[in-house]
Every structure is written in C-alpha cells, then in structure tokens.
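The values are calculated or read from the model by the stated rules, or taken from the named source; none is laboratory data. Because the structure is predicted, anything quoted here is derived from the model rather than measured. In this analysis, Cβ positions are derived from the backbone assuming ideal geometry, glycine residues included, and neighbour counts consider all displayed protein chains. Protein only, heavy atoms only, side chains kept; ligands, DNA and RNA dropped before computing areas. Shrake-Rupley method; radii C 1.70, N 1.55, O 1.52, S 1.80 Å.
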Amino acid sequence: MSNVPLSTPAGAAPAVEFRGVSLRYISADGHATVALRDFSMAVARGEFIAIVGPTGCGKSTTLNMITGLLKPTVGEVRIMGQAVGGIDPRIGFVFQADAVFPWRNVLDNVAAGPLFRGASKDEAYARARDWIGRVGLGKFGGHYPHQLSGGMRKRVALAQTFVNQPEILLMDEPFSALDMQTRTLMQDELLQLWSASGSSVVFVTHDLEEAIALADRVFVLSARPATLKRVYTIDLPRPRVMSQVRYDPHFVELSKRIWDDLREEVVIQ
C-alpha cells in the first residue's frame, strides 16, 4: 500500500490532481458542512483509479469538482496541469442513471455528442456507427431506449462517452443497477474499451471487489469530512477477466486488507 502518486510519462503533469482541497457547504439555514478536508490525489495519464468510502463521504463530490461543477473552498483541482476553470471537453462522464434521450434511437443518441462538438453530420454518424458496433449494438442502431435492456442501455452510454474520445473518463457507480451477470460483462467491456483508448479513469463505486478488479490503484476515503485515508496499488496482472480475477489469491488478500481499512470508516458513521 502507498499514498504516493504514480509518476506520469516523461514528466508530464498528472491527468487529474487535487492539491490540499477542502470543500464546505453552507445550507439554507446557515449551517456549514465540510464535505472534503485537505484532500490530495493525483491520477497519472492512462491510469485507472477507483475511489471507495462510506456512504455520503464525498466520493461523487470529487467527480463534480473535476468537472468544475463544484469549486473548492480551499486548495486547487488541476486537469492536465491547468486549474479547472469550467466544463472541459476532454472529460467524459458516465452516470449511474441512463443519460440517453428517450425520443432518439441508439444511432442518434451516440451521434449527438460529436454533432454538438462541431463534427459534420457524415463524420458524426460514421463515428457513431463505429462505436455502436464496438459495444456490440451494431444491429440495434434503430432501436429506442425503451426497447433495450438495462445492459444494452449501459452499452449505449459507453458508446456515447467513448465516441468523443475523452482523455479523462469519470464514472459514478455506472453498473450498480445491473444484475450480477450483466454487470460482469459490462466491467469486461469497460476494461477492453479503456485499454484501447489510453484514457485516465476515475471510477467511484460502493463495491470494493469491483474497485479492486478494475483499477490500478484504489483510493480509500475516510468518513465525512472525507480525506484520503490510504491508497492501495493493485498489482494484479492485466489484461483481467472479471469472472476469473476474483478467485486470484492475491485478489482475496487485497480485499481483506482494504475492507479492514474501510470497515473502520463505516463503523465511525
């Protein structure tokens, strides 16, 4: 285990960096709530990190600060070496809930991002068809969201995100609503897409096993006000197959160690 950020290639700035960040909310009745306290984290370019912690500790808050939707009270959040100054087009976001337009078919949903970013109609739809095929929905381009299963809608969400070629991918419990079999398939799909993309991933989850199976490092947050308690390097070989990696003895050992750390914070609540 280590809480020293990984170095980045050729001395490049980290993809994402929190420098001594604290965040305080003021409620309507004037009460102050500290969500994050003296939080520091660095994510190397091309690295997959997962964030775990007790419910309500501020895991999703970190994602909102990376996007610029929330600003730190103290400290600084940086993207590719520059302070966050608003929504960055290099960032993609996959939510827990489906973020598809229900009145548009799969092809139109996936093409919407490139069109919004200025691509020509021909280019946008060519890229959309390519990514629909990559996520296994090549025969479903004309289907509407209500005609798809939960797993298929999540594949649409991945295609919507990767079609824009994000350099940083933020994921907020994207597979939590899926059944175990579909979830395992989607985790494998994500790993394949990520390994081919070179994107940096910040993945928030309540599922400790999911975090260990997917990530290069797991960041454990303390109970609120959250700070970084410890970072674990996940030295399991890649490529990983989700249905197999959970039975690796080292995976089991890591699960026990990280859960011991996390359990202390859950009990504090």
* What is the log10 of I(q)/I(0) for the stretch 212-269, computed with the Debye formula using one identical point scatterer on each Cα and no solvent, at q = 0.24, 0.26 Å⁻¹? -> -0.95, -1.04
* **Sum of side-chain charges, G133 neighbourhood, beta-carbon under 12 Å (Lys, Arg +1; Asp, Glu -1)** => +4
* Asked: What's the extension gain from V252 to R24 if we count 0.36 nm per residue and subtract their Cα-Cα distance?
  -> 78.4 nm
* Which net charge results when you count Lys and Arg as +1 and Asp and Glu as -1 among the other residues whose beta-carbon is under 13 Å from that of L178? -> -3
* Please give, to one decimal in nm, the separation of the simple spin-label points placed at W259 and K139, each 7 Å out from Cα toward the Cβ. => 4.0
* Give the accessible surface of the chain per residue, rounded to a whole number of Å², with probe radius 1.4 Å and ligands, DNA and RNA excluded. => 47
* Please calculate the 1.4 Å probe accessible area of D216, with all protein chains present, and give it to the nearest 10 Å². => 40
* Quick one: with all protein chains in place, what share of the accessible area of the chain is carbon or sulfur, to the nearest percent (1.4 Å probe)? -> 54
* Asked: By the scheme Lys and Arg +1, Asp and Glu -1, what is the net charge of all other residues having a beta-carbon under 12 Å from that of V204?
  -> -3
* Ratio to report: Rg/Rh of the stretch 104-145, with Cα atoms as the point set and Rh obtained by the Kirkwood method; give two decimals. => 0.95
* How far, in degrees from 0 to 90, does helix 106-116 lean away from the longest principal axis of the Cα atoms of the chain, to the nearest 10? -> 70
* To do: Place +1 on the Cβ of every Lys and Arg and -1 on the Cβ of every Asp and Glu in the chain, take the dipole about the Cα centre, and give the residue among V163, V245, A97 whose Cα lies farthest towards its positive end.
  => V163
* **the stretch 167-243: translational diffusion in µm²/s, Stokes-Einstein, Kirkwood Rh over Cα pairs, 20 °C, 1.002 mPa s** => 160
* Given the convex hull over the Cα atoms of the stretch 103-179, what projected area results after averaging over all orientations, in nm²? -> 5.3
* **Cα-centre dipole for the stretch 113-269 with unit charges at Cβ (Lys and Arg positive, Asp and Glu negative), debye to 20** => 420
* Asked: Can you give the extra length, in nm with one decimal, that the chain gains between Q96 and Q147 once fully stretched, where that is 0.36 nm per residue apart less the Cα-Cα distance?
  -> 16.4 nm
* Asked: Just how many % of Cα pairs in the stretch 131-269 lie over 26 Å apart, if you round to the nearest whole percent?
  -> 29
* Amide H neighbours of R45 under 5 Å, counting only residues 5+ apart in sequence or on other chains, H built in-plane at 1.01 Å? -> A15
* What's the center-to-center distance, using Cα atoms, between the stretch 26-92 and the stretch 200-266 in Å? -> 19
* To do: Rank-order 179-186, 208-215 by packing density, defined as the average count of other C-beta atoms within 10 Å over each peptide's residues, highest first.
  => 208-215, 179-186
* Asked: Semi-axes of the equivalent ellipsoid of the chain: what are they in whole Å, largest first, if each equals the square root of 5 times a C-alpha gyration tensor eigenvalue?
  -> 30, 23, 18
* To do: Work out the length of the dipole vector of the chain about its Cα centre, built from +1 on the beta-carbon of each Lys and Arg and -1 on the beta-carbon of each Asp and Glu, and round it to the nearest 20 debye.
  => 380
* **Among V266, L185, H146 - extreme Cα towards positive end, dipole of the chain, charges at beta-carbon** => H146
* Asked: Given the chain, what count of lysine pairs have C-alpha atoms under 27 Å apart, with each pair 8 or more places apart or on different chains?
  -> 9
* From Cα coordinates alone, what are the radius of gyration and Dmax values for the stretch 24-92 in angstrom? -> 13.2, 43
* To do: Pull out a ≥ b ≥ c, the square roots of the eigenvalues of the alpha-carbon gyration tensor of the stretch 139-211, then state rounded if a/c is under 1.5, prolate if not and a/b is larger than b/c, and oblate in the remaining case.
  => oblate
* Structure fact -> The size of the Cβ-based charge dipole (Lys, Arg +1; Asp, Glu -1) of the stretch 156-234 about the Cα centre, to the nearest 20 debye, is 380
